[in-house]
Amino acid sequence: MKNLFSIDFQAFKEYSKPITSFKYAHGTYGPNFDNKDTILNLLVKQNYLEMVNNEEDKILFKPTVEPDLFLFSKQEIEIMDKVLLKLKGKNAKKLTDWSHKFKGWIETKDGELISYSYAKDFDLQKNW
């Protein structure tokens, strides 16, 4: 979720348009995309994702197919690569702590949508 959130807010910051059509809301552990349970269940049911348990018995979602990169522009792929490189290897606690320092999360209440106008305050390099 933090990857998708970061990709969309970075894309909006750079190009005034998110890559997905997701809306994000203030969640306990950071921003969540709206209707996440419905979307994740659909992706599992359609065999795009599988649910697996990690060594701490937490549920993870793993892709079952390779992404079709032809669906994305060069700029979108560059943003995805930039975000994935920055967030790679960070554990859930570190990502949660980082996302809780984002102005859009701080200034919203639980369940409230986070406006893309906060993208101007989004910084991949800050608050680590």
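Taken together, the values in this text are just the output of simple stated rules run on the coordinates, not laboratory data. Nothing here was measured: the structure is a model prediction, and the numbers come from that model. Here the Cβ is made from the backbone with ideal geometry for all residues, glycine too, and neighbour counts use every protein chain on show.
Can you pull out the residues in region 92-110 that are within 18 Å of LEU4 (Cβ to Cβ), within 16 Å of the chain's Cα centre (by Cα) and not basic (Lys, Arg)?
Correct list: ALA92, LEU95, THR96, TRP98, SER99, HIS100, PHE102, GLY104, TRP105.
Based on this model, can you work out whether ASN41 counts as surrounded by 10 or more Cβ atoms within 10 Å (Cβ to Cβ), on the phi > 0 side of the Ramachandran plot and either hydroxyl-bearing (Ser, Thr, Tyr) or out of contact with any Ser or Thr (no Cβ under 7 Å at 6 or more places or on another chain) (or both)?
For ASN41, the condition - surrounded by 10 or more Cβ atoms within 10 Å (Cβ to Cβ), on the phi > 0 side of the Ramachandran plot and either hydroxyl-bearing (Ser, Thr, Tyr) or out of contact with any Ser or Thr (no Cβ under 7 Å at 6 or more places or on another chain) (or both) - is not met.
Test of understanding: among LYS62, LYS94, LYS23, which residue is without any contact (Cβ under 8 Å) to a residue 60 or more places away in the chain and in contact with an Asp or Glu (Cβ under 8 Å, 6 or more places away or on another chain)?
LYS62
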